[in-house]
Amino acid sequence: MSALPVIDIHTGAAPVLRETVLEFDQVAVQLGGRQILSPTSLKIGRGEFITIIGPSGCGKTTLLRAAAGFVRPEGGAVLRQGRLVGGPSREVAFVFQDYAHALLPWRTVQGNVELALEAAQVPATERAPRAQQVLQTVGLAAHAAKFPAQLSGGMQQRVQIARCLAQQPELMMMDEPFGALDAMTREGLQDELARLVRETGLTVLFVTHDLEEAIYLADRVVALRANPTAERPSLARVIDVNLPRPREQLATKEHPEFLRLRRELYGYLGHGHG
Ligand SMILES: Nc1ncnc2c1ncn2[C@@H]1O[C@H](COP(=O)(O)OP(=O)(O)OP(=O)(O)O)[C@@H](O)[C@H]1O
């Protein structure tokens, strides 16, 4: 099993080796007769937080869908733990931007979380305590009996995240999960997610249009390019974010390294250079 050298920014200890959990090996995807992803290679280590940025339509969602086995590449391969990804698996959870449609409105918060446990054929008697435990983790234990429509957008998104955690996935794919939320709620959820990832050791691929969010959350930021060609492939940049953790909204975003990264990546969100 290959491994990536990584500086352990949590402890400041000597470089550690991370086992590769997901590998894109020359992955190429065409949709509607158009090349969306040109051959893209990337190795992702266990517990890494990868954010993906790039202009609209450059294939960010497509990359997540290929990783989850929803899209079959016509070139190259996606490997999970060294094994070819042939289709969807419970080891990979998906969090969508549109929480309102992701949750079942006629089920309570707890009922929505239990859905993941039903799908995994967890015995009925174990479902309630496990759902309650996950709801505790995301701070929603007191709201277990409510219905989604009785919750704020941020809380509904936490229910969706709780449902994914209940699935006990290895990888979490998050497609602009906080895109529809107001700035305050969004920042709160960013910090909560960073904590959850630290505690669970989950590996996350997170698509966002928000450059600050991308840097704030990431161990590495992956910048994709639209309309790839042989000379200008999909993978524009992969940038290490060596900001200390745990991060803080004000202190981290004022850190000189944060500002340097922000300047460096600005061009890749359609501001002219890419
Ligand atoms: N099933 C499909 N058939 C044909 N074309 C598709 C299909 N799915 C996506 N596309 C096209 O592929 C391109 C990449 O889509 P994708 O959703 O991956 O981009 P994205 O970078 O996530 O975009 P956005 O930032 O706007 O969400 C887009 O031009 C989209 O219209």
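What's the ranking of 61-68, 241-248, 197-204, 160-167 by average number of surrounding C-beta atoms within 10 Å, highest first?
The most tightly packed comes first, giving 160-167, 61-68, 197-204, 241-248.
Could you tell me, in Å, what Rg and Dmax come out for the Cα atoms of the chain?
18.6, 57
Please compute the net charge surrounding Ala183, taking Lys and Arg as +1 and Asp and Glu as -1 over other residues with Cβ under 12 Å from its Cβ.
-4
Residues in the stretch 75-115, backbone N under 13 Å from the label point at Gln132 (7 Å along the Cα-to-beta-carbon vector): list them, ranges by number please.
110, by backbone N distance to the label point.
Could you work out the local net charge near Ile52, counting Lys and Arg as +1, Asp and Glu as -1, over the other residues with Cβ closer than 14 Å to its Cβ?
-1
Based on alpha-carbon centroids, what's the gap between the stretch 177-254 and the stretch 77-129 in Å, whole number please?
Centre-to-centre distance over Cα atoms comes out at 23 Å.
Compare the Cα positions of Thr252, Leu189, Thr229 along the charge dipole of the stretch 177-266 (+1 at Cβ of Lys, Arg; -1 at Cβ of Asp, Glu; about the Cα centre) and return the one farthest towards the positive end.
Thr229
With Rg and the Kirkwood Rh both taken from Cα atoms, where does Rg over Rh land for the stretch 143-274?
We get a ratio of 1.00 for the stretch 143-274.
For the chain, give the magnitude of the charge dipole about the Cα centre (Cβ charges: +1 Lys/Arg, -1 Asp/Glu; no others), in debye to the nearest 20.
Numbers: 29 positive and 29 negative charges, 69 e Å.
That gives the chain a dipole magnitude of about 340 debye.
Does the stretch 108-175 come out rounded, prolate or oblate by the C-alpha gyration tensor, with a ≥ b ≥ c the root eigenvalues, rounded set by a/c under 1.5 and, if not, prolate when a/b is larger than b/c and oblate if not?
Because a/c hits 1.5 or more and a/b fails to exceed b/c, the stretch 108-175 counts as oblate.
With angles folded into 0 to 90 degrees, how steeply does helix 109-119 sit against the dominant principal axis of the chain? Use alpha carbons for both and round to 10.
Once rounded, one gets 70 degrees.
By the scheme Lys and Arg +1, Asp and Glu -1, what is the net charge of all other residues having a beta-carbon under 13 Å from that of Pro148?
Within the 13 Å Cβ shell, the charges total +3.
Output the 0 to 90 degree angle, nearest 10, between the alpha-carbon long axis of helix 256-265 and the longest principal axis computed from the alpha carbons of the chain.
The answer is roughly 70 degrees.
Bear in mind that the values in this text are calculations on the coordinates, not laboratory data. These numbers come from a predicted model, not from an experiment. Glycine gets a Cβ as well: all are built from the backbone with ideal geometry, and neighbour counts include every protein chain shown.
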